[in-house]
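Colleague: Submitted below is the structure of interest, expressed as structure tokens.
The values are calculated or read from the model by the stated rules, or taken from the named source; none is laboratory data. Remember, predicted model here, so these are calculated numbers, not experimental data. Note that each Cβ is placed from the backbone with ideal geometry, even for glycine, and that neighbours are counted across all protein chains shown. Each accessible area value is taken on the protein alone, full model and side chains, heavy atoms only, with ligands, DNA and RNA left out. Shrake-Rupley method; radii C 1.70, N 1.55, O 1.52, S 1.80 Å.
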Amino acid sequence: MDENEMVAVTLVGGPMDGTRQPVDWAAVYEDPEPGLDMVPDSSVKAPESIPWARVLYTADPAGPPDVWHWQGWVP
């Protein structure tokens, strides 16, 4: 696979559960701690104390690098 390609990462849990997100190949296979934070399509379930809430998803170190699990809401 070319390192300039995008990889479809499966998101597990949280508001984006079951969706697939395109991510740069290097961020999935070369990053020692793969993951990302982003503004979800809908933040209606976000805590009111976190304006402009983002979600954090990371790969499980013991699992596949292209399956990322919800870690929670972040500012």
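Colleague: Find all pairs meeting these conditions: Cβ atoms under 6 angstrom apart; at least six residues apart or on different chains; first residue within region 16-31 and more than 16 Å from residue 56 (Cα to Cα); second residue outside any helix (DSSP H, G or I) and of a type in the set (D, E, K, R).
Modeller: 25/3; 25/5; 26/3
Colleague: Residue check, residue 48 against (1) open to solvent by 30 Å² or more (accessible area, probe 1.4 Å); (2) within 12 Å of the chain's Cα centre (by Cα); (3) at pLDDT below 95, all met but one. Which one?
Modeller: Every listed condition holds for residue 48 apart from (2).
Colleague: Considering only residues of region 25-42 that are open to solvent by 60 Å² or more (accessible area, probe 1.4 Å) and farther than 13 Å from residue 72 by Cβ, which is modelled with the lowest pLDDT?
Modeller: The selected residue is 41.
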